[in-house]
Amino acid sequence: MPQVAGTTVRVGASVGLATAAGPGDGERLLREADEAMYRVKQSTKGGFAVSGVMTAR
């Protein structure tokens, strides 16, 4: 385990992923990734979730 100033440090991350099939609405893509991240945070500590493929409008 890494240490900082003599203290053991543990780092984790929750990641939400969203994909786009082509050019589209960046705000919507970010919102879908954010929603996916919060699904991970509600179910476990550390991990990832992928939203559905966003189609261009």
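Secondary structure note: in the chain, about 25% of the DSSP beta bridges are antiparallel.
From most to least packed by mean Cβ count within 10 Å, the peptides 19-30, 35-46 give 35-46, 19-30. Quick one, which of (1) 44, 20, 11; (2) 52, 5, 4; (3) 32, 12, 8 is the actual semi-axes √(5λ) of the Cα gyration tensor in Å calculated for this model? Given (1) 44, 20, 11; (2) 52, 5, 4; (3) 32, 12, 8, the structure-derived one carries the label (3). Helix 26-43 and the longest principal axis of the C-alpha atoms of the chain enclose an angle of approximately 40°.
Every number in this text was worked out from the coordinates using simple rules, so none of it is lab data. The model shown is predicted, which means the values in this text are computed figures rather than measured ones. Glycine gets a Cβ as well: all are built from the backbone with ideal geometry, and neighbour counts include every protein chain shown.
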